[in-house]
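The values are calculated or read from the model by the stated rules, or taken from the named source; none is laboratory data. Source: prediction; values computed, not measured. Cβ placement follows ideal geometry from the backbone for every residue including glycine, while neighbour counts extend to all protein chains displayed. Side chains are part of the model used for accessible areas, which takes the heavy atoms of the whole protein and leaves out ligands, DNA and RNA. Shrake-Rupley method; radii C 1.70, N 1.55, O 1.52, S 1.80 Å.
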Amino acid sequence: MFECRFSEGLPCKMSNAKPRSESLFEASQRLMPGGVNSPVRAFQRVGGAPLFFRQAKGAWVTDEDGHQYIDYVGSYGPMILGHAHDAVIDAVTRTARNGLSFGAPTAIENELAELVQQYMPSLERLRMVSSGTEATMSAIRVARGYTGRDRIVKFEGCYHGHSDALLVKAGSGALTLGEPDSLGVPAAVAAQTITLPYNDIDALQTCFQTAGSEIAAVIIEPIAGNMGCVPAVAGFLDAIREQCDQSGSLLIFDEVMTGFRVARDGAQGLYGVKPDLTTLGKVIGGGMPVGAFGGREDVMSIVAPLGGVYQAGTLSGNPVAMAAGLATLELVTQDGFFEDITSTTEVLMTGFEDLAGQAGVSFTTNQVGAMFGIFFREPPTNSDGRVTTFDEVLAANSDAFNTFFHAMLKAGVYLAPSPFESGFVSSAHGEKEVAATLTAAADAFKQVSSN
Ligand SMILES: *Cc1c(COP(=O)(O)O)cnc(C)c1O
């Protein structure tokens, strides 16, 4: 039975009746494929039935049975201020009263675009869309339209949304044709995507020596967040920049996860590498459906109505979504915001590593800003002493992760239900939440070691 450790004054029901989440999941499976509207939510990797949430505030989420959890998912990234932040909710409700959507330009679109551009000046022109998938899909089309080339390069373990060109897995060699990673992706489309190992400069150079003149763009998560958290190693992004410059290919940073999450100027600010195009999402929408793509003025001038690359959206730049994003970014960009949230995350990661060590569990972490990855394995023996490749991620112990996940959940801590998701800390996570999380983790690591 569920133990309610961290009750915050809201009811924490303890009953023997079937949990409401389970009944809802039974019903949802008759409505939606797998009972969910996005696959990772279904708990398939960790087993068990997903929790249905009814409410969230700050660092805490409440499920349909009234149980409360400290949340490290943050809606998979957007909720960097914590849930239902007063400033964001006020902005959204105020804006909504003036109408939900006009299909015409609004002043607030300028405001959000200006704020993004202020901190990420590489986006000389940008366009708002409604999801990260839409942003990356559009950026790829722009790169192809601008260069007149079809091939694109992506990296193993990076996720860029679910458009056809980007749902491709690696062939066995650097230049074998990409194979579809999903049914329904035409082989001819997948064949235009080359997948290379992340953080492998040699493979990158070999690829460009052979195919550089055919490559429209390289797309990369400068800090991979969809295989745990795996930052680019020193020199890797510079090497990509150099290869792209030599061959006339465009460099696309997919900062849907890292933008306004690792620093206010994103991974491009942190690492000092300037992409030609950038994609954004998650935090810039503050929890509403928002994405954006943008970059060099000459490249973005190819987008309709100025140029021949078509891209459009009925709800693009939606005023309510812009209001949520603007209210969020206004707070996130304040001095000291990232210092605080980064040090909270550091305390958490150091605590996890110490506790795992005490329990004799093989374990290591990665962290950049308020984003982290936990890996049930020894630190790799590479020069960085940390996880830097997809193979190293895959070598982690998934049973240990599952045990840890369920032990934490039972103790009132909600982690992403997959070892391949990053964890996220919000500015609402304070000392109390970190301490409670570490108390839960001490016990969870013991359970892992005795399994
Ligand atoms: C989440 C994510 C996407 C996809 O965004 P959606 O809004 O889910 O379509 C693309 N790229 C990266 C790096 C992401 O983390």
* How many residues does the stretch 44-93 contain that are over 15 Å from residue 429 (Cβ atoms), in contact (Cβ under 8 Å) with a residue 24 or more places away in the chain and basic (Lys, Arg)? -> 1
* Asked: Any residue at all in the stretch 175-184 that is outside any strand (DSSP E or B), surrounded by fewer than 21 Cβ atoms within 10 Å (Cβ to Cβ) and small (Gly, Ala, Ser)?
  -> yes
* Could you please tell me which pairs satisfy a Cβ distance under 7 Å, a separation of 6+ or placement on different chains, a first residue in the stretch 353-381 that is open to solvent by 50 Å² or more (accessible area, probe 1.4 Å), and a second residue that is among the small types (Gly, Ala, Ser)? => 360/449; 378/362; 379/385
* Structure fact -> Scanning the stretch 253-275 for residues that are over 16 Å from the mean Cα position of the chain (by Cα) and free of Cβ contacts under 8 Å to residues at least 60 places away in the same chain gives 271, 272, 273
* Can you tell me which residue among 91, 139, 135, 143 is open to solvent by less than 20 Å² (accessible area, probe 1.4 Å), closer than 30 Å to residue 368 by Cβ, at pLDDT 95 or above and more than 16 Å from the ligand (Cβ to nearest atom)? => 91
* **Subset of the stretch 232-277 [part of a loop (DSSP other than H, G, I, E, B) and either buried (at least 24 other Cβ atoms within 10 Å of the Cβ) or within 16 Å of the ligand (Cβ to nearest atom) (or both)]** => 232, 249, 255, 256, 257, 258, 260, 261, 262, 275, 276
* Within the stretch 306-328, is there a residue that is open to solvent by 40 Å² or more (accessible area, probe 1.4 Å), in a helix (DSSP H, G or I) and touching a His at 6+ places or on another chain (Cβ under 8 Å)? -> no
* Asked: For the stretch 73-88, what are the residues that are within 16 Å of the ligand (Cβ to nearest atom) and open to solvent by 60 Å² or more (accessible area, probe 1.4 Å)?
  -> 75
* To do: Just one of (1) open to solvent by 40 Å² or more (accessible area, probe 1.4 Å); (2) assigned to a strand (DSSP E or B) trips up residue 101, so point out which.
  => (2)
